[in-house]
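Asks: First the structure, which I've put down as structure tokens, then a few questions once you've had a look.
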Amino acid sequence: MDKLKMESKDLVNENIDRIQEFFPGVVTESKDKKGRLIRAIDFDLLKQELSDTVVEGEKERYQLTWPGKKQAMLMANLPTTNTLRPVQEESVDWDKTENLFIEGDNLEALKILQESYLNQVKCIYIDPPYNTGKDFVYRDDFKQSRQEYLDQSGQVDEEGNRLFQNNESNGRFHSDWLSMMYPRLKLARNLLREDGVIFISIDDGEVANLRRICDEIFGEGNFLGTIVWKKKTNGNNMGYIPPVHDYFIVYSKKASDNCLLGLPLSEEYIEKKYSNPDDDPKGRWTTTDLSANHKGPYFPIKNPNTGELFYPPKGRYWVFSKEETLKRIADGRIIFGKTGNGRPIQKKYLSERTSVRRKAESWWDKHGMNQDGTEELGGLVGTKVVDHPKPSKTLKYISELSTNSNEIILDFFAGSSTTAHAVMQLNAEDKGKRKYIMVQLPEPCPPDSEAHKARYKNIAEIGKERIRRAAGKIKEETGADIDYGFRVFKVDSSNMKDVYHHPHKTTQRTLQDLITNIMEDRTAEDLLIQVMLDSGLQPSLPMEKKTVQGREVFFVAGNSLVACFDKDIPEQLIHDIAEHKPLRVVFQDKSFQDDAARINVDELFKTLSPGTEVKVI
């Protein structure tokens, strides 16, 4: 019976495995700081494997680098023993909802979600700190010990020291921001589906650097475009050209036509784009070019009204053959301008569209502005508690553009949870079943802020309350039968004592303290969630608690996982659980009186349910 790891994946060793598969000769042995042998990569040999010339030393190459980049890459690969702890009292409709709100450091949260949501997320939207010199940036301290990190609960201390104001006088102004963003984007990419997309809000200050690190992480060929979003009507007279815009940088995991679905055709769009001035029996139509830039037919088309001959523009060709062109002219599908005296163009009928969606364009000026977001949030929570929140209308467009009705949307800089609001609004409008995951650090509200005066201790509290109130408003206005709930989790240290993860650190003193390897303040529900995450199960799955043979037994998603953490489990309970033929079953070490009892459980499952994976913590 194997023990569960109860920590996130070791990405360093996974990456070494991948390299070894292709270049086994570059994997060697080295020693860590404690003198233990570990696998390592001989990078000089790897460079030579990837070069068609003799590698003699460093050469200039196209790249973006900064002080701390290697540390940022290391942070993305380091595993975490942290976990998510359920907070049912802050949740809404816990038993039925599939939405998540995670309170804590988003770097840790992304690591924790790696196995459960690998290749599962269709759309990620983030609005990270813009690095204006006034925004607060996450400080990922590479030197602090694990205990120092846990003393901060993975979040902030009373003075909020997990965040710092990255003033322009700081010599690492751009470097600190890039080091903060790099590991989070690297981990986020793992969560995206093959056709998944990420939208990142940014301003002029870091847009160039953001493009460069995204080119490196997602691949330059997976850049889908930049959307310029008009965020306000008038500039504030700051700078040589006062800005009234921000950007949405858009990348995919693997660029294809399936990444962006397009936007539904609105009545306004149809009215503007399609008309029927000649009472064509086929109905409303618009016009498009008759030529293309790929090689094709090349011949003169004669205007039957004027006799003028027209050739394709330079470097272009007609899209139809001569025979097909003449047929379409006779059918009225090719016309010569609205007056009949111009160049040939083709009619496109609304009734013949194969898609009811249209491509998004790079200029957005009718998709909500900052003022709309501020007024919207103020109307929900009663005061101005967050500066410049994005309007839900904008985020609804992004969700509409990138997701079908039953997909996952992630926002790991959730702020006031505009994304969750937008997802609920869109689901209410199109009867969708989209699910959201919000992640937000409990960033303290300054004592003199409107948020603090309204009794909000931190930004995460504002986000949760916004979801509750937005849900009530949407339900009242639409009456839609959608998922209005959310499960709250908080990033915290492992439920297991340190000796579980680091048995080599055990001393005589710690052995005396180890009556159990589980932290004293942890519940069975805490253990269940960590086991689910370690097993690659999503914490949004249905969970049911039953009493079987006088013991507390959890059933997750039917028979996907059965767990019992009680002591002294009777043999009949094993028989009862085995009848369900679970895919996985997990017990606590102390569930068994001795090693013989554990071996007996293994043998019982081999006989009664051989397909069940049996684990202990």
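Asks: Give the angle, between 0 and 90 degrees and rounded to the nearest 10, that separates the Cα long axis of helix 418-430 from the longest principal axis of the Cα atoms of the chain.
Replies: It works out to around 60 degrees.
Asks: Sticking with this one: Sort the following peptides by mean Cβ neighbour count (other Cβ atoms within 10 Å, averaged over residues), highest first: 302-309, 100-107, 429-436.
Replies: 100-107, 429-436, 302-309
Asks: Rounded to whole Å, give me the distance from the Cα center of the stretch 308-340 to that of the stretch 178-221.
Replies: Spelled out, the Cα-based centre of one part sits 44 Å from the other.
Asks: Let me ask you something else. Please give the net charge around Gln588, taking every other residue with its beta carbon less than 15 angstrom from that of Gln588, where Lys and Arg add +1 and Asp and Glu add -1.
Replies: It works out to a net charge of -2.
Asks: Which label belongs to the value computed from this structure, given these candidates for Rg/Rh (Cα atoms, Kirkwood Rh): (i) 1.04; (ii) 1.00; (iii) 1.06?
Replies: Answer by label: (i).
Asks: Whole Å is fine, so just give me how far the alpha carbon centre of the stretch 420-449 lies from that of the stretch 462-479.
Replies: Taking the Cα centre of the stretch 462-479 as reference, the centre of the stretch 420-449 is 10 Å away.
Asks: How much net charge surrounds Cys564 when only other residues with a Cβ under 9 Å from its Cβ are counted (Lys, Arg +1; Asp, Glu -1)?
Replies: -1
Asks: Something else about it: Which residues' amide hydrogens lie under 5 Å from the amide hydrogen of His245, considering only partners 5 or more residues apart or on another chain, with H built in the peptide plane?
Replies: Placed amide hydrogens put Lys231 under 5 Å from His245.
Asks: In degrees between 0 and 90, to the nearest 10, how far off the longest principal axis of the chain does helix 459-478 point, with axes built from Cα atoms?
Replies: Helix 459-478 and the main axis of the chain meet at about 50 degrees.
Asks: Then there's this: Out of residues 5 or more away from Tyr484 or on other chains, whose amide H comes under 5 Å of its own, with H placed 1.01 Å from N in the peptide plane?
Replies: Answer set, sorted by chain and number: none.
Asks: Tell me the relative contact order for the stretch 405-478 as a rounded percent, counting alpha carbon contacts under 8 Å between residues six or more apart.
Replies: 36
Asks: Show me, for the stretch 526-539, the HN-Hα J-couplings you get by feeding each phi into the Karplus relation (A = 6.51, B = -1.76, C = 1.60, θ = phi - 60°), rounded to Hz, glycine and proline as x.
Replies: 4, 4, 4, 5, 5, 5, 4, 5, 5, 8, x, 9, 6, x
Asks: Per-residue accessible area for Met369 at 1.4 Å probe radius, Å² rounded to 10?
Replies: Estimated to the nearest 10 Å², Met369 gives 40 Å².
Asks: Moving to a separate point now. Quick check for you: with a 1.4 Å probe and neighbouring chains kept, what is the accessible area per residue of the chain, in Å²?
Replies: 52
Asks: Would you kindly find the accessible area of Phe223, with a 1.4 Å probe and non-protein molecules such as ligands, DNA and RNA excluded, rounding to the nearest 10 Å²?
Replies: It works out to around 60 Å².
Asks: If you don't mind, another one. Which order do Lys348, Lys31, Lys111 take when ranked by solvent-accessible area (1.4 Å probe, heavy atoms of all protein chains), largest first?
Replies: Lys31, Lys348, Lys111
Asks: Using a 1.4 Å probe on the protein heavy atoms, what percent of the accessible area of the chain belongs to carbon and sulfur?
Replies: C and S fraction of accessible area: 48 percent.
Asks: Amide H of Met496: which non-local residues (sequence gap of 5 or more, or other chain) have their own amide H closer than 5 Å, using H built in the peptide plane?
Replies: When sequence neighbours closer than 5 places are left aside, the close amide H contacts are Met519.
Asks: Moving on to the next point. If you count only protein heavy atoms and use a 1.4 Å probe, how large is the accessible surface of His294, to the nearest 10 Å²?
Replies: Approximately 110 Å² of His294 is accessible to the 1.4 Å probe.
Asks: Once you keep just the Cα pairs under 8 angstrom separated by 6 or more residues, what percentage relative contact order results for the chain?
Replies: Taking the mean separation of contacting Cα pairs over the length of the chain, I get 19 percent.
The values are calculated or read from the model by the stated rules, or taken from the named source; none is laboratory data. What you are looking at is a predicted structure, and each value in this text was computed from that prediction instead of being measured. Neighbour counts are summed over all protein chains in view; Cβ atoms, including those assigned to glycine, are modelled from backbone coordinates with ideal geometry. Side chains are part of the model used for accessible areas, which takes the heavy atoms of the whole protein and leaves out ligands, DNA and RNA. Shrake-Rupley method; radii C 1.70, N 1.55, O 1.52, S 1.80 Å.
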